[in-house]
Amino acid sequence: MTNFSDLGLIAPLLRAVKAEGYTTPTPIQAQSIPQLLAGRDLLGIAQTGTGKTAAFTLPILQRLAANPKRPGARSARALVLTPTRELACQIHDSFAAYGRNLRLKRSLIFGGVAQGPQVSRMAGGSDIVIATPGRLLDLIEQGHVRLGGIEICVLDEADRMLDMGFVRDVRKIMSMMPEQRQTMLFSATMPSDIADLADSILKDFHRVEVTPAATTVERIGQKVLFVERQNKRRLLVDLLKGETVGRTIIFTRTKRGADRLVEQLAKGGVTADSIHGNKSQNARQRALAAFRNGRLSTLVATDIAARGIDVDGVTHVINFELPIEPEGYVHRIGRTARAGAEGVALSFCDAEEVDHLRAIEKTIRQAVPVEEAHAYHAEAVRELHRAANTNRPGGGKAKRRFGGGRQASAKRPAQGQAARKARRGARRNRGFGQAPSGQRKAS
């Protein structure tokens, strides 16, 4: 496929795609759209930034437009389930952009905000609903939403929904929809739980895998920087003040850690804001808007937001702390190198995180190159070798990563000779195998 007109899309959609500046479909779009227009179920395995949102948005719009009918009160014709509020908003924006020439009603349903406007929006029905599982179930149980009219269903970022504990909610929601429907499941990774879910909800489906599961985008330059925990903040400030770092997303493990890091960066002269689950929706949207329009060049986020940040021009992703789940690494660094651009992913690793690094390398099936050209590398490597020769966390992994501690033993030969001489002298002094001095001289 060389352009979107080859995919069988109708003229209103082609005009919208052209207005967005796109001419050539991505691999997942080229492989998915014809199958979805034909009404088949689909399992899509693709990393973030590969164009998968348009891969399901365009066929949904075309199928609904081809069979226009008014949705019933509190009902919908198409449902897109997604794990986070940010991702829901971005998918909603995509439907708005591609459906600008079609008269289809859209609704957003997610938690963290008052439900009143969402209930009012759904009262008259909606062609397309984009929702997070928790709030959707709340509105269903209150009688504000009905799923009996669903014709098309999409599970986006399915592996992330399972990671966040939504599997029961997802299965419950799926059971409320008609058996006769078109279903799509998209995931960046393919663990066994996702395979089981796909088998249970997809029928006669077409599988699209544009990259091997859990691999990383080739355009991302990955590096790991070994640094002791107490030096991480100083290293981060040094990097952010450098000339080569542009629009940057920094990932921490906890919400408290994200807020604390923003405060620490401010003391170092770097302005940043955070985005995580404890912040109100308005605060999260303000931070994203400032980051997107360039008023803010540094954003600190937790894993819950890893797939909800779709901003072009992100030059760097920095893992201030490595994720505990190795698949999270793929989703984090997928925030850069989007829309055909290149990007850089830097990961800080201290002695206690070597296990996580090894798990990440096993998941992505490649070793992450080590960046040694920073002020804290030598000190961190010495610490790693100390850990490698003790029972401290990460010790065994550190020893394997550094070839059994060969670097650390460079100074040992001279020390060993001196120690052996000292031991021999000690034995002589203690009389081990010695004759009296007179006898020794005679012999």
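The values are calculated or read from the model by the stated rules, or taken from the named source; none is laboratory data. If you're wondering where the values come from, they're calculated on a predicted model, not measured in any experiment. All Cβ positions, even for glycine, are placed from backbone atoms using ideal geometry, and neighbour counts span all protein chains on display. Protein only, heavy atoms only, side chains kept; ligands, DNA and RNA dropped before computing areas. Shrake-Rupley method; radii C 1.70, N 1.55, O 1.52, S 1.80 Å.
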- Message: If I histogram all Cα-Cα distances within the stretch 25-175 using bins 5 Å wide from 0, what percent of pairs lands in each bin?
- Response: 2, 9, 20, 23, 23, 15, 7, 2, 0
- Note on the structure: The convex hull of the Cα atoms of the stretch 149-226, divided by residue count, gives a volume in Å³ per residue of 122
- Rg followed by Dmax, in Å, when the stretch 1-105 is reduced to its Cα trace: 13.5, 42
- the stretch 93-250: relative contact order in percent, alpha carbon pairs under 8 Å with at least 6 residues between: 16
- Column: log10 I(q)/I(0), Debye, Cα scatterers of the stretch 288-386, q = 0.21, 0.23 Å⁻¹: -1.16, -1.29
- Query: Using a cut-off of 16 Å between alpha-carbon atoms, which aspartates and glutamates can reach Lys232, once sequence neighbours fewer than 8 places away in the same chain are excluded?
  - Reply: Asp259, Glu263, Glu321, Asp350, Glu352, Glu353, Glu371, Glu372, Glu379, Glu383
- Which pairs, out of Lys18/Lys52; Lys52/Lys105; Lys223/Lys255, put more than 19 Å between their alpha-carbon atoms? Lys52/Lys105; Lys223/Lys255
- Item | At q = 0.18, 0.19, 0.20, 0.24 Å⁻¹, base-10 log of I(q)/I(0) for the stretch 108-160 (Debye sum, equal scatterers on each alpha carbon) | -0.59, -0.66, -0.73, -1.03
- Note on the structure: Stokes-Einstein D for the stretch 116-249 (10 °C, 1.306 mPa s, Kirkwood Rh from Cα pairs), in µm²/s, comes to 85
- Per residue accessible area in Å² of the stretch 48-94, where ligands, DNA and RNA are left out and the probe is 1.4 Å: 29
- How large is the charge dipole for the stretch 121-186, taken about the Cα centre, if only the Cβ atoms of Lys, Arg (+1) and Asp, Glu (-1) carry charge, to the nearest 20 debye? 180
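Given the stretch 214-317, report the % of alpha carbon pairs whose separation exceeds 16 Å.
59
For the stretch 197-317, which whole percent of the accessible surface, found with a 1.4 angstrom probe, sits on carbon and sulfur atoms?
That share works out to 45 percent.
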- Item | Residues of the stretch 147-253: accessible area per residue with a 1.4 Å probe, Å² | 44
- Query: Can you give me the Cα centroid spacing of the stretch 231-295 and the stretch 41-96 in angstrom?
  - Reply: 31
